[in-house]
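*Asks:* The structure follows.
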Amino acid sequence: MEAIEHRFLNVNGINMHVAEMGPVNGPVILFIHGFPDLWYSWRHQIVALATLGYRAVAPDLRGFGDTDAPADPRSYTVFHIVGDLIGLLDTVAPHQEKAFVVGHDWGAYMAWFLCLFRPDRVKGLVNLSVTFPPRNPKMKFWTRLELFTERGDIEAEFAELGTQRIVKEFLTYRHPGPLFFPKGKVFSRPAETPLVLPSWLSEEDVQYYTSKFERTGFTGGLNYYRNFNSNWELTAPWTGAQVKVPVKFFVGDQDLTYNSLGNKDYIEKGGFKRDVPLLQEVVVMEGVAHFLQQERPEEITKHIYDFFQKF
């Protein structure tokens, strides 16, 4: 971890914090995190893949960690985020036409659109947890996370529980059903119920996350949810478009994303392969929940390495 370099880059009009490791001229792997996460979620993969000759690059996305968080919630559409990522690649690897990409959660969602908008910049993609979201031209995205979309409401409930408790709740969530937050009750467990950390998550890890979110709050990350419908409107020209880069996909069988919104059927009945024709493999990991790159770091790292070695 001490060998990971940190710097700030001006990309797409914002100052972005980036964690990097590996040979300067090595093939770039761009790691894209989700919510409520940071570059830190890729700590294991950064070190391991850098030692294998790759240039591992993991930013805090806009609104997260030490990267700028624009106040306007409309500044968090897929076009803003993909613009940030292209600007980042142009800065860290100006002489590499294409990069490898790894995404998780919101990072996977943005990675799909990065590949959809700019397939010329992506050599291969490994995505975790979130499948490609095909656009239904007749219906805006419907989400059961309705509380997330009301500006200020969810932040107030998070504040009542405290940052550390929120971090622990999310990172230890292991219910394979869809995530549903009724108003006034963010999590099903009473706030006084002690949370036992799993073996893959230390108190030191929790403290890192807590320190960053205590400083910035959660609004930047929540603004991604608040743009679901804007994204639906803005991506109308890509209705029916396919992702045409080589892809390998991973999901845990205990992951809420795998067990909600029809994702099992989408994967198993051919919809996923139809929309992502170069999808080479789907791996459903048994006994694994949402944060699989942290829960099974060595296994995920090996899969990433083996897949990218093909290129």
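The values are calculated or read from the model by the stated rules, or taken from the named source; none is laboratory data. All values derive from a computational prediction rather than experimental measurement. Virtual Cβ from ideal backbone geometry, glycine too; neighbours counted across all protein chains shown. Side chains included, ligands, DNA and RNA excluded: accessible areas come from the protein's heavy atoms. Shrake-Rupley method; radii C 1.70, N 1.55, O 1.52, S 1.80 Å.
*Asks:* Using a 1.4 Å probe over the heavy atoms of the protein chains, calculate the carbon and sulfur portion of the accessible area of the stretch 191-253 as a whole percent.
*Replies:* Roughly 51 percent of what the probe reaches on the stretch 191-253 is carbon or sulfur.
*Asks:* To continue, here is another question. Note down the nm distance, to one decimal, between modelled labels 7 Å out along Cα→Cβ at Asp72 and at Arg7.
*Replies:* Spacing of the two 7 Å Cα→Cβ label points: 3.0 nm.
*Asks:* Also, I was wondering about something else. Quickly rank 201-212, 76-87 as a protection proxy: mean count of other C-beta atoms within 10 Å, highest first.
*Replies:* Highest to lowest by the protection proxy: 76-87, 201-212.
*Asks:* Further question on the same structure: Just going by the charge dipole of the stretch 183-311, with Lys and Arg at +1 and Asp and Glu at -1 on Cβ, which of Asn229, Val283, Phe311 is farthest out on the positive end?
*Replies:* Sorting the options by dipole projection puts first Asn229.
*Asks:* I would also like to ask the following. Per 0.36 nm of contour for each residue apart, how much would the distance between Glu268 and Glu286 grow if the chain were fully extended, relative to their Cα-Cα spacing? All intermediate terms of the calculation are to be shown ahead of the outcome.
*Replies:* Numbers: separation 18, 0.36 × 18 = 6.48 nm, distance 1.61 nm.
Here the answer is 4.9 nm.
*Asks:* Taking only protein heavy atoms into account and a 1.4 Å probe, give the accessible area per residue of the stretch 80-137 in Å². Before the final figure, lay out the partial values.
*Replies:* Details: 1640 Å² over 58 residues.
Accessible surface, normalised per residue, equals 28 Å².
*Asks:* Between Ser199 and Val24, what is the spin-label point distance in nm, taking each point 7 Å from the Cα along the Cα→C-beta axis?
*Replies:* Placing both labels 7 Å along Cα→Cβ, they lie 4.2 nm apart.
*Asks:* Run the quick spin-label model on Lys244 and His175: label points 7 Å from Cα toward the beta carbon, then report their separation in nm to one decimal.
*Replies:* A separation of 4.3 nm, rounded to one decimal place.
*Asks:* Give or take rounding to whole Å, what are the principal axis extents of the alpha carbon atoms in the stretch 62-120, in descending order?
*Replies:* 33, 21, 17
*Asks:* Another one. Which peptide among 1-11, 108-118, 152-162 comes first, and what is the full order, when sorted by highest mean count of other Cβ atoms within 10 Å?
*Replies:* 108-118, 152-162, 1-11
*Asks:* Another question, if that's okay. Using alpha carbon centroids, what distance separates the stretch 1-52 and the stretch 209-276, in Å?
*Replies:* 21
*Asks:* With helices defined as uninterrupted DSSP H runs, which ones in the chain have an alpha carbon span along their own long axis of at least 15 Å and mean Kyte-Doolittle hydropathy of at least 1.0?
*Replies:* Details: long enough: 78-92 (21 Å, 1.61); 106-117 (16 Å, 1.47); 203-216 (20 Å, -1.69); 297-309 (18 Å, -0.78).
Once both thresholds are applied, what remains is 78-92, 106-117.
*Asks:* Go through Lys138/Lys244; Lys212/Lys248; Lys138/Lys310 and tell me which ones have a Cα-Cα distance over 28 Å in this structure.
*Replies:* From the list (Lys138/Lys244; Lys212/Lys248; Lys138/Lys310), the Cα-Cα distance tops 28 Å for Lys212/Lys248; Lys138/Lys310.
*Asks:* Quick check: at a probe of 1.4 Å, how many percent of the accessible area of the stretch 5-148 sits on carbon and sulfur atoms?
*Replies:* Heavy-atom surface of the stretch 5-148 belonging to carbon and sulfur, 1.4 Å probe: 55 percent.
*Asks:* I've got another one for you. If amide hydrogens are placed 1.01 Å from N in the peptide plane, which non-local residues have theirs closer than 5 Å to the one on Ala99?
*Replies:* Val122, Lys123
*Asks:* Further, regarding this structure: I'd like the antiparallel share, as a percent to the nearest 5, of DSSP beta bridges with both residues in the chain.
*Replies:* On the way: 11 of 34 bridges.
Antiparallel: roughly 30 percent of the beta bridges in the chain.
*Asks:* Now a separate question. From zero outward in steps of 10 Å, how is the percent of C-alpha pairs of the stretch 1-160 spread across the bins?
*Replies:* Here the calculated profile for the stretch 1-160 is 10, 39, 35, 13, 3, 0.
*Asks:* Figure the gain on full extension for Asp120 and Asn229 (residue separation times 0.36 nm, minus the Cα-Cα span) and round it to one decimal in nm.
*Replies:* 36.6 nm
*Asks:* Still on this structure, I have one more. Tell me the accessible surface of Thr193 in square angstrom (1.4 angstrom probe, heavy atoms of protein chains only), to the nearest ten.
*Replies:* The accessible area comes out at roughly 40 Å².
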